[in-house]
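Data block below; observations after.
The values are calculated or read from the model by the stated rules, or taken from the named source; none is laboratory data. Just so you know, these numbers come straight off a predicted model, no measurement behind them. Cβ: placed from backbone, ideal geometry, glycine included. Neighbour counts: every protein chain shown.
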Amino acid sequence: MSNPVVISARHKGFNRAEIVDQNFIEFVQQWKGEQRPTAADDAPVLPGSALNVRGFRELFESELVSRHLDLMARVLRKQDKVFYTIGSSGHEGNAMVARLTRHTDPAFLHYRSGGFMAERFRKLPDMDPVQDSALSFAASKEDPASGGRHKVWGSKPLWVLPQTSTIASHLPKALGTAVAIEQAGRIGHQLPVPADSIVVCSFGDASSNHATAQTTFNAAAWTAYQKLPAPILFVCEDNGIGISVKTPSGWIANNFQHRPDLDYFFADSLDLAVGYAQVAAAVEHCRHTRRPTFLHLKTTRLMGHAGSDFEIEWRSIEELVALEATDPLLRSAAIALEAGVYGKDELLAVYEAMRKRCFAAAEAADARPRLATLAEVVQPLAPYTPAAVAAEATRAAPADKRLAAFGGADKLPEKLPPRHLAILINHALHDALAKYPEALVFGEDVAQKGGVYTVTKGLQKAFKGARVFNTLLDETMILGLAQGYANMGMLPIPEIQYLAYFHNACDQIRGEASSLQFFSNGQYRNPLVLRIASLGYQKGFGGHFHNDNSITALRDIPGLVVGCPSRGDDAATMLRTLLALARVDGRVCAFLEPIALYMTKDLYAAGDGEWQFAYPAPDQAMTLGEGRVYHEAADDLVVFTFGNGVPMALRAARTIEAELHWQVRVVDLRWLVPLNEKFIAGQARTAKRIVVLDEGRHSAGVGEGVITAIVEAGLGAKPLRRVVGADTFTPLAGAALLVLPGEADVVAAVHDLAKA
């Protein structure tokens, strides 16, 4: 089979796409094998094969769709008619995975999934993989997957959740989705897919080494070890190379073949007649055992990593020719000819007809409109329907559910005396779980222990372990689970134990959860409310990892909502709004809980109890962006702050009033993303002087956003000082207070203003 290919390939220059294309044509023209009479559609395509003639014909067509989309992209990219050239050539056999799974099996796909997509399109009538893919390649706003925002493999009706140029970051949420499918039955939740669905998650051999992939494999095995179902089919598409870094021969099999609680299968996707039964065995095993299953799929990579990868510059011609001889379409052509599915002329006609179809679709897509305005681009990023959110936030849980959650009418929190922040957050979480039967609270230590700071105390007893549970110690997987539960229609409330721990797993929010609505054109969403114990001032406890003020990483995530209450009643009403934003608009939200204020009861003096507040009635909620103003009429000085800065500013205000006789207004921003610039400007406009108190770092905090809002409102001439933390990590013990702003720093800044 390979000799004529090798001979011709040596003399065709350096355009490997042209060579791969011509190789197929020459191979068919020069084929001299014996052709059997055409078998019936339901007969094996070759003796002993589990694949019948009809199945082969359709899989081969899917392979051709994928191949000619790649060839089209290489040609039309040079004409700026398409904008993506990472192809699937050599991976077309993943179409078998699509054929042997259902269109309701959620799929999280590697970017070399053209064959899979073409075959899955076959599952529903009147869907055209060529047309839809061409619109995506052309970045047309009519692209049904992303609306022209990225070339993604995705489809709402086909349950393919869009990924961009993924390495391994999609694996945690894929496993989370598999766990969620099984979790639904335990909490009585109606799934959007059949209860016996499995999750398909594909990736490359190089990506399997990524920390995010390894943590997912570990979590899958950890789950299976406890006899908990996790029906996920990991499909490792092994082509032996990652861009230019070769995978050691045998590495994937050696690394995964004997892992406990990760069931290994091998399939040769380069040969449809052989590989079909091997793929079928893995799919059936996963569906029936409900165990995490690792399918090692043999592939090859043709035409380089992408159009910009000129392999001839760094690989020998002999190596490229040998690789091109393993083209799976050559083997499929041989099967088609040997089995009598096509004659040589008919096969070449089919090949050329698919080329024509793909180019015609691409030319048509190029004529369709693209995104032309900023408003069009960002439209699905951060949906907000204020009236619907307000109605949902102020909707109380059913009375009987509240009574059961709190243990009786006399224990309803609104009837109890004022309490501190941790207690009121705890009450609000009880209310949330009573209101939303699909809500789940999970993370490290949240269950029996009730959280490191007892904020989740009693939740598991009230709502049982299927709704309030501990996870393994892995922030990446906590956030992956959250996305999985959201994908299956639940309302996850994950806890990250400290803000510093969030940075271990930031990409699960930045690159995955917050981008899903954007890259799916609003078709998919990740409604979740992430609770994070945050900020500093823990009186020297724990050092950096327990006193982290790095909010900037959160503020830089498009579409994310970030709220930070400084007092308990605000925490309750803010949490209700965050949950409503998630449920109504599918928003990804972060709820920063200031650790140092969890147990704070006093404001000015020991025993005054002035930082304890009554629990707001369940029909009260805070509007997104709404700040709180203390001493609204005061205008000598306005202090903008949040979190720990609020009680600090109020105490400093007393000193300032005593020493300078200035009336001080304190503005609690409460919402850190998005900042309410109109509110900030309105408060600044009536101020004679301004202080921005920000416990974040000097070069990266919240204060820059506040000052920018003031300046852009034309108020930059007002006397202004910023009081902010130092650019350093937080040390242990009393030294921690040297790097964080304190009351004395606020007073000193104000005296400096007085001299100006």
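Go through segment 485-504 residue by residue and tally those that are assigned to a helix (DSSP H, G or I) and surrounded by fewer than 24 Cβ atoms within 10 Å (Cβ to Cβ).
To start, the set of residues in segment 485-504 that are assigned to a helix (DSSP H, G or I) comprises 485-487, 499-504.
Next cut, surrounded by fewer than 24 Cβ atoms within 10 Å (Cβ to Cβ) only: 500-501, 503-504.
Residues that pass the stated criteria total 4.
Of all residues in segment 669-697, how many are surrounded by fewer than 24 Cβ atoms within 10 Å (Cβ to Cβ) and modelled with pLDDT under 95?
1
Only residues that are under 29 Å from residue 276 (Cβ atoms), touching a helix residue (DSSP H, G or I) at 6+ places or on another chain (Cβ under 6 Å) and among the β-branched types (Val, Ile, Thr): list them for segment 46-88, please.
Matches in segment 46-88: 65 only.
Look at residue 282 and say whether it is touching a Ser or Thr at 6+ places or on another chain (Cβ under 6 Å) and under 28 Å from residue 136 (Cα atoms). Talk me through it step by step, then tell me what you get.
On the way: touching a Ser or Thr at 6+ places or on another chain (Cβ under 6 Å): yes; under 28 Å from residue 136 (Cα atoms): no.
Against the criterion (touching a Ser or Thr at 6+ places or on another chain (Cβ under 6 Å) and under 28 Å from residue 136 (Cα atoms)), residue 282 does not qualify.
Is it true that residue 640 is crowded, with 17+ Cβ neighbours inside 10 Å, at pLDDT 95 or above and not assigned by TED's automatic domain parsing to the domain that holds residue 690?
Values: crowded, with 17+ Cβ neighbours inside 10 Å: yes; at pLDDT 95 or above: yes; not assigned by TED's automatic domain parsing to the domain that holds residue 690: no.
No, not satisfied.
Report, by residue number, each residue of segment 165-184 that is over 20 Å from residue 474 (Cβ atoms) and modelled with pLDDT under 95.
165
Please give the helices (runs of 4 or more DSSP H) falling wholly within segment 265-380 in which 1 or more residues are in contact with a Pro (Cβ under 8 Å, 6 or more places away or on another chain) and closer than 30 Å to residue 255 by Cβ.
Working: elements: 272-289, 317-324, 328-338, 344-366, 374-378.
Once the helices (runs of 4 or more DSSP H) in segment 265-380 are filtered for at least 1 residues that are in contact with a Pro (Cβ under 8 Å, 6 or more places away or on another chain) and closer than 30 Å to residue 255 by Cβ, what remains is 272-289.
Mind checking which residues of segment 31-50 are under 22 Å from residue 95 (Cα atoms), out of contact with any strand residue (DSSP E or B) (no Cβ under 7 Å at 6 or more places or on another chain) and in contact (Cβ under 8 Å) with a residue 24 or more places away in the chain?
Selection gives 46, 49, 50.
Taking the options 466, 482, 447, name whichever one is within 19 Å of residue 575 (Cβ to Cβ) and either part of a loop (DSSP other than H, G, I, E, B) or out of contact with any Asp or Glu (no Cβ under 9 Å at 6 or more places or on another chain) (or both).
Numbers: 466 fails: within 19 Å of residue 575 (Cβ to Cβ); 447 fails: within 19 Å of residue 575 (Cβ to Cβ).
Of 466, 482, 447, the one residue that is within 19 Å of residue 575 (Cβ to Cβ) and either part of a loop (DSSP other than H, G, I, E, B) or out of contact with any Asp or Glu (no Cβ under 9 Å at 6 or more places or on another chain) (or both) is 482.
Can you tell me which residue among 277, 306, 325 is out of contact with any Phe, Trp or Tyr (no Cβ under 9 Å at 6 or more places or on another chain), surrounded by fewer than 18 Cβ atoms within 10 Å (Cβ to Cβ) and not basic (Lys, Arg)? Before the answer, list the steps.
On the way: 306 fails: out of contact with any Phe, Trp or Tyr (no Cβ under 9 Å at 6 or more places or on another chain); 325 fails: surrounded by fewer than 18 Cβ atoms within 10 Å (Cβ to Cβ).
The match here is 277.
Please pick out the residue among 301, 291 that is charged (D, E, K, R), within 34 Å of the chain's Cα centre (by Cα) and within 30 Å of residue 509 (Cα to Cα). Show your work before the answer.
Values: 301 fails: within 30 Å of residue 509 (Cα to Cα).
Checking each option against the conditions leaves just 291.
Considering segment 12-44 alone, what residues qualify as being among the basic types (Lys, Arg), in a loop (DSSP other than H, G, I, E, B) and under 21 Å from residue 302 (Cα atoms)?
Pass one, segment 12-44, residues among the basic types (Lys, Arg): 12, 16, 32, 36.
Narrowing the set further to residues that are in a loop (DSSP other than H, G, I, E, B) leaves 12, 32, 36.
The answer is 12, and nothing else.
List pairs: first in segment 124-138 and of a type in the set (Ser, Thr, Tyr), second assigned to a helix (DSSP H, G or I), Cβ under 6 Å, 6+ apart or cross-chain?
Correct list of pairs: 133/69.
Residue by residue through segment 683-710, note down the ones that are of a type in the set (Val, Ile, Thr) and either in a strand (DSSP E or B) or more than 30 Å from residue 738 (Cβ to Cβ) (or both). Reasoning before the result, please.
Let us first name the residues in segment 683-710 that are of a type in the set (Val, Ile, Thr), namely 686, 690-692, 702, 706-708, 710.
Result: 686, 690, 691, 692.
Which one of these is over 15 Å from residue 333 (Cβ atoms), surrounded by fewer than 23 Cβ atoms within 10 Å (Cβ to Cβ), of a type in the set (D, E, K, R) and at pLDDT 95 or above: 54, 77? Walk me through how you get there before you give the answer.
On the way: 77 fails: at pLDDT 95 or above.
Matching residue, one of 54, 77: 54.
Taking segment 733-747 as the search range and keeping residues that are surrounded by 15 or more Cβ atoms within 10 Å (Cβ to Cβ) and either β-branched (Val, Ile, Thr) or not in a loop (DSSP other than H, G, I, E, B) (or both), which one is farthest from the chain's Cα centre (by Cα)? Working first, answer last.
Step one: list which residues in segment 733-747 are surrounded by 15 or more Cβ atoms within 10 Å (Cβ to Cβ), which gives 736-737, 739-743, 745-747.
Among the residues that remain, those that are also either β-branched (Val, Ile, Thr) or not in a loop (DSSP other than H, G, I, E, B) (or both) are: 736-737, 739, 743, 745-747.
Values: 736: 34, 737: 36, 739: 34, 743: 40, 745: 40, 746: 40, 747: 43 Å.
For segment 733-747, the residue satisfying everything is 747.
Residue 606 versus (1) among the hydrophobic types (A, V, I, L, M, F, W, C); (2) touching a helix residue (DSSP H, G or I) at 6+ places or on another chain (Cβ under 9 Å); (3) assigned to a loop (DSSP other than H, G, I, E, B); (4) surrounded by fewer than 19 Cβ atoms within 10 Å (Cβ to Cβ): which is the lone unmet condition?
(2)
Go through segment 559-587 residue by residue and tally those that are touching a Gly at 6+ places or on another chain (Cβ under 7 Å) and hydrophobic (A, V, I, L, M, F, W, C). Before the answer, list the steps.
Pass one, segment 559-587, residues touching a Gly at 6+ places or on another chain (Cβ under 7 Å): 564, 566, 574, 578.
Imposing the further condition that a residue be hydrophobic (A, V, I, L, M, F, W, C) reduces the set to 564, 574, 578.
The qualifying residues number 3.
Residues that are touching a strand residue (DSSP E or B) at 6+ places or on another chain (Cβ under 7 Å), modelled with pLDDT of 95 or more, within 21 Å of residue 111 (Cβ to Cβ) and crowded, with 24+ Cβ neighbours inside 10 Å: does segment 139-150 have at least one?
Scanning segment 139-150, I find no residue that is touching a strand residue (DSSP E or B) at 6+ places or on another chain (Cβ under 7 Å), modelled with pLDDT of 95 or more, within 21 Å of residue 111 (Cβ to Cβ) and crowded, with 24+ Cβ neighbours inside 10 Å, so the answer is no.
For residue 532, are the conditions met, namely being in contact (Cβ under 8 Å) with a residue 12 or more places away in the chain, under 22 Å from residue 699 (Cα atoms) and in the same structural domain as residue 494 (by TED's automatic domain parsing)?
Numbers: in contact (Cβ under 8 Å) with a residue 12 or more places away in the chain: yes; under 22 Å from residue 699 (Cα atoms): no; in the same structural domain as residue 494 (by TED's automatic domain parsing): yes.
Against the criterion (in contact (Cβ under 8 Å) with a residue 12 or more places away in the chain, under 22 Å from residue 699 (Cα atoms) and in the same structural domain as residue 494 (by TED's automatic domain parsing)), residue 532 does not qualify.
To keep it simple, each residue is scored yes or no on (1) assigned to a loop (DSSP other than H, G, I, E, B); (2) at pLDDT 95 or above; (3) on the phi < 0 side of the Ramachandran plot.
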site: 222; (1), (2), (3): no, yes, yes
site: 228; (1), (2), (3): yes, yes, yes
site: 235; (1), (2), (3): no, yes, yes
site: 252; (1), (2), (3): no, yes, yes
site: 261; (1), (2), (3): yes, yes, no
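Filtering segment 528-583 down to residues that are within 28 Å of residue 733 (Cα to Cα) and β-branched (Val, Ile, Thr), which residue is modelled with the highest pLDDT?
Only one residue tops the list, namely 532.
Are there any helices (runs of 4 or more DSSP H) wholly within segment 84-199 with 3 or more residues that are in contact with a Cys (Cβ under 8 Å, 6 or more places away or on another chain), and if so which? Let's see the steps before the verdict.
Values: elements: 95-100, 114-121, 129-137, 171-187.
Passing ranges, in order: 171-187.
Within segment 45-58, is there a residue that is assigned to a helix (DSSP H, G or I), closer than 30 Å to residue 368 by Cβ and in the same structural domain as residue 132 (by TED's automatic domain parsing)? I'd like the intermediate steps shown before the answer.
Initially, segment 45-58 is screened for residues assigned to a helix (DSSP H, G or I), giving 53-58.
After this cut, where a residue has to be closer than 30 Å to residue 368 by Cβ as well, the list is 58.
This time we only want the ones that are in the same structural domain as residue 132 (by TED's automatic domain parsing), so: 58.
Checked against the condition, which is being assigned to a helix (DSSP H, G or I), closer than 30 Å to residue 368 by Cβ and in the same structural domain as residue 132 (by TED's automatic domain parsing), segment 45-58 yields at least one hit.
List the pairs whose first member sits in segment 407-436 and is without any contact (Cβ under 8 Å) to a residue 12 or more places away in the chain and among the charged types (D, E, K, R), whose second member is outside any helix (DSSP H, G or I) and surrounded by 22 or more Cβ atoms within 10 Å (Cβ to Cβ), and whose Cβ atoms are under 7 Å apart, counting only residues at least 6 apart or on separate chains?
That search, which allows pairs on different chains as well, returns nothing.
Can you tell which of 624, 650 is within 28 Å of residue 500 (Cα to Cα) and either without any contact (Cβ under 8 Å) to a residue 40 or more places away in the chain or not in a loop (DSSP other than H, G, I, E, B) (or both)? First the steps, then the outcome.
On the way: 624 fails: either without any contact (Cβ under 8 Å) to a residue 40 or more places away in the chain or not in a loop (DSSP other than H, G, I, E, B) (or both).
Matching residue, one of 624, 650: 650.
Any residue that is part of a helix (DSSP H, G or I) and either surrounded by 17 or more Cβ atoms within 10 Å (Cβ to Cβ) or within 37 Å of the chain's Cα centre (by Cα) (or both) - is there at least one of those in segment 661-668? Give the steps one after another, and end with the answer.
Narrowing segment 661-668 to residues part of a helix (DSSP H, G or I): none.
Checking segment 661-668: not a single residue is part of a helix (DSSP H, G or I) and either surrounded by 17 or more Cβ atoms within 10 Å (Cβ to Cβ) or within 37 Å of the chain's Cα centre (by Cα) (or both).
List the residue pairs whose Cβ atoms are under 6 Å apart, where the first residue sits in segment 386-402 and is in the same structural domain as residue 434 (by TED's automatic domain parsing), the second is surrounded by fewer than 12 Cβ atoms within 10 Å (Cβ to Cβ), and the two are 6 or more positions apart or on different chains.
Pairs that qualify, where the first residue is in the same structural domain as residue 434 (by TED's automatic domain parsing) and the partner is surrounded by fewer than 12 Cβ atoms within 10 Å (Cβ to Cβ), are 394/619; 396/619.
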